[in-house]
Amino acid sequence: MPPTIKVLLVDATPGGGSALRDALHAMEGIEVACTLDTPLELLARVEEHRPDVVLIDTDSPSRDVLEQLAAVSSSAPRPVVIFSDDSENDSIRAAIQAGVSAYVVEGVTPSRLEPVMRVAIERFEADQALLAELSDAKSQLADRKVI
């Protein structure tokens, strides 16, 4: 049995009854630690629940979503997957710059949901390892500078 994946869900879809929410609750090995209707408390809830992955279901990532993701990326980094109907390059680019690990357009089937989350988690961990190596290299270079 695979380990449980702890999820924080932001369901910003109109009406809040997304298929993603339903799929998560039907899956084994998934713990939905918290569900938000808006991203405004995202950082506080990430710090409180420490999820393995943050899932955001939205028609299009708003400025509020992107601002909250940037705050999470700098204060409490977590893998983030956005599920959106917005396939515009600018929206995808802005989401990636805000710290999104994966951006899925036009929903996801329940059978693909767990693999998408696992890929996002693995990609996030690889990126975090590279950032740590970069920070270490910069630190070593700074220590070697002699004025």
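Since every read-out is calculated from the coordinates, none of them should be taken as a lab result. It should be emphasised that the depicted structure is a prediction, and the values quoted were computed from it without experimental measurement. FYI the Cβ positions are ideal-geometry reconstructions off the backbone, even for glycines, and counts take in every protein chain you see.
Things worth noting here:
- Listing of helices (runs of 4 or more DSSP H) fully contained in the range 1-102 that carry 3 or more residues being touching a residue at least 60 places away in the same chain (Cβ under 8 Å) and within 24 Å of GLU122 (Cβ to Cβ): 19-26
- Selected residue (criterion: nearest to VAL53 (Cα to Cα)) from residues of the range 105-147 that are in a helix (DSSP H, G or I) and among the basic types (Lys, Arg): ARG118
- When the range 60-90 is limited to residues that are among the polar types (S, T, N, Q) and touching an Asp or Glu at 6+ places or on another chain (Cβ under 7 Å), the one that is nearest to ARG112 (Cα to Cα) turns out to be SER84.
- Some residue of the range 38-46 being within 12 Å of ALA76 (Cα to Cα), out of contact with any helix residue (DSSP H, G or I) (no Cβ under 6 Å at 6 or more places or on another chain) and surrounded by 17 or more Cβ atoms within 10 Å (Cβ to Cβ): yes
- Among the candidates ASP64, ASP90, ASP86, residue that is among the charged types (D, E, K, R) and touching a strand residue (DSSP E or B) at 6+ places or on another chain (Cβ under 8 Å): ASP86
- Flag for GLU122 being surrounded by fewer than 10 Cβ atoms within 10 Å (Cβ to Cβ), without any contact (Cβ under 8 Å) to a residue 24 or more places away in the chain and closer than 22 Å to VAL32 by Cα: no
- Which numbered condition SER75 misses (of (1) touching a strand residue (DSSP E or B) at 6+ places or on another chain (Cβ under 7 Å); (2) within 22 Å of GLN128 (Cβ to Cβ); (3) of a type in the set (S, T, N, Q)): (1)
- Any hit, the range 18-28, residues being surrounded by fewer than 15 Cβ atoms within 10 Å (Cβ to Cβ) and of a type in the set (D, E, K, R): yes
- Residue that is nearest to ARG118 (Cα to Cα), among those in the range 40-49 that are more than 12 Å from the chain's Cα centre (by Cα) and not small (Gly, Ala, Ser): HIS49
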